[in-house]
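Colleague: Please see the structure below; I have some questions.
Every read-out reported here was derived from the displayed coordinates using simple, explicitly stated rules and does not represent laboratory data. Keep in mind that what you see is a predicted model, and the values were worked out from it rather than measured. As a convention, Cβ positions derive from the backbone with ideal geometry for all residues, glycine included, and neighbour counts pool all protein chains shown.
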Amino acid sequence: MNLKLFLIGDRFGLLVDPRSMADRTMHGSGTRLVNTTDGVQLELERTGTSSGNLNCQAFVISHSQFNILGNQLQSVQF
Amino acid sequence: MFEVTLTAASQVVKASDPTKLKYKLTNIQLEYGMMRSEKLADEARSTYSSGKEFAYDHVHLEKTIPFKRDTDKRLDIKVNAQRRSMKVILFLFMEPYSARAWDSEKYVFPDLTKVRVTIKGSPNILYNNGIVRTDLWAEARRFFERKKIK
């Protein structure tokens, strides 16, 4: 997946990049969250404007791998 | 085996009587390539039987947080997905879903003034108190500048 910049239309995305090393293109360069209860905590502050409701959708994108052994899917790791 | 989940007809087509909507997908095809060289095929077969890994990016909608535009001035969000390598957390802000008027490419800017991220209990070394509007150019400029201006 590569970052692309779109500057048209009503498109805003907030992207948090928790890379653990300088090269973010390397597979496995992200943050390791295993056996942790703290996880990632985010505080977003905003000004209250206009009315109605909004939904904030949080997507987690992680480096993953699937393994084939004996011509069959053996495991999926992420 | 392949499992395909299709959304309800009311989300796809519009008509005056929403109870009678239908749609169908035709010509769904599986694409594949074929190896005609026996040597290459043997090589592939032995690779798949002795072990082969594919690296990819796994995308997961972790949670949806509804909030009120006028009164909710602070959102506390905890993401605790157990991942060996979390690459990106992406937030999209959408108006509540209504099937009749829905722009799938409309992602609203929710008037953010400050974003603070704490990973595994440690605050950000550069932006300990959160990243505010005036910090953004320093972070975003790499997307706009092709070369360093001297």
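Colleague: Within 29 Å of B:Arg74 (Cβ to Cβ), part of a loop (DSSP other than H, G, I, E, B) and either in contact (Cβ under 8 Å) with a residue 12 or more places away in the chain or among the acidic types (Asp, Glu) (or both): which single residue out of A:Asp23, A:Asp38 fits that description?
Modeller: Numbers: A:Asp23 fails: within 29 Å of B:Arg74 (Cβ to Cβ).
On inspection, the qualifying residue turns out to be A:Asp38.
Colleague: B:Leu75 - would you say it is within 30 Å of the chain's Cα centre (by Cα) and loosely packed, with under 12 Cβ neighbours inside 10 Å? Break it down into steps so the answer makes sense when it comes.
Modeller: Numbers: within 30 Å of the chain's Cα centre (by Cα): yes; loosely packed, with under 12 Cβ neighbours inside 10 Å: no.
When the stated conditions are applied, B:Leu75 does not pass them.
Colleague: May I pose another question? Output the residues belonging to the range A:62-78 that are in a strand (DSSP E or B) and within 22 Å of A:Arg19 (Cα to Cα).
Modeller: Taking the range A:62-78 and keeping what is in a strand (DSSP E or B), we get A:62-69, A:72-77.
Hits for the range A:62-78 are A:Ser62, A:His63, A:Ser64, A:Gln65, A:Phe66, A:Val76, A:Gln77.
Colleague: Separate question: Could you identify the single residue in A:Gly70, A:Gly9 that is over 16 Å from the mean Cα position of the chain (by Cα), within 7 Å of chain B (Cβ to nearest Cβ) and under 25 Å from B:Phe67 (Cα atoms)? Walk me through how you get there before you give the answer.
Modeller: On the way: A:Gly70 fails: under 25 Å from B:Phe67 (Cα atoms).
Among A:Gly70, A:Gly9, only A:Gly9 is over 16 Å from the mean Cα position of the chain (by Cα), within 7 Å of chain B (Cβ to nearest Cβ) and under 25 Å from B:Phe67 (Cα atoms).
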